[in-house]
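A quick write-up on the structure given underneath.
The values are calculated or read from the model by the stated rules, or taken from the named source; none is laboratory data. From a predicted model like this one, the values you see are computed outputs, not experimental measurements. Areas reflect the complete protein model, heavy atoms only, side chains present, ligands, DNA and RNA absent. Shrake-Rupley method; radii C 1.70, N 1.55, O 1.52, S 1.80 Å.
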Amino acid sequence: QVQLVESGGGSVQSGGSLRLSCVVSGYTNSNYCMRWFRQAPGKEREGGAVIDSDGRTAYAESVRGRFTLSQDNAKNTLYLEMDDLKPEDTAMYYCAARGRRPIHDYCAGSSAVYQYWGQGTQVTVSS
């Protein structure tokens, strides 16, 4: 059974930093995409940052330059470093995973194509 366990959310002042973690267990596919989504109350879920099994990353315009993805394969852990947080970053953040095609798959796609999800962790940024 695949499980994603998230931690690291909390409340910070504008301009502060947080690091989210996602520990993955039970996943046997060596080719994968892992992506962070977020959803604020009353708003649609949006994709944020994605990393593939080769360590390649991509970011949404709203977080590019402020958020950084990394992974520690030995610990089966994905990290999202969030710097210069803004009130508009306030949302529930979800870690999600899916398999990756052998070639020409850059981990695009909506939340509907991601198979496995964490429970979510709340990030609140006050001004």
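Structure above, values below:
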read-out: With every protein chain in place, the chain: carbon and sulfur % of accessible area (1.4 Å); value: 47 percent
read-out: Probe 1.4 Å, accessible area per residue of the chain, Å²; value: 54 Å²
read-out: Relative contact order (%) - the chain, alpha-carbon pairs under 8 angstrom, separation at least six; value: 35 percent
read-out: Probe 1.4 Å, all protein chains present, accessible-area order of GLU44, GLU88, largest first; value: GLU44, GLU88
read-out: Residue-wise HN-Hα coupling along region 93-102, computed from phi with Karplus coefficients 6.51, -1.76, 1.60 (Hz; x: Gly, Pro); value: 9, 10, 9, 9, 9, 8, x, 10, 5, x
read-out: For the chain, convex hull volume per residue from C-alpha positions, Å³; value: 100 Å³
read-out: TYR106 - accessible surface, heavy atoms, 1.4 Å probe, Å² rounded to 10; value: 140 Å²
read-out: Residues with amide H under 5 Å from that of THR90, placed H, sequence gap 5 or more; value: VAL125
read-out: Nearest-10 value in Å² for the accessible area of ARG66, using the 1.4 Å probe; value: 20 Å²
read-out: Accessible-area value, LYS43, 1.4 Å probe, nucleic acids and ligands omitted, Å²; value: 140 Å²
read-out: Amide H contacts under 5 Å for PHE67, placed H, 5+ residues apart; value: ASP83
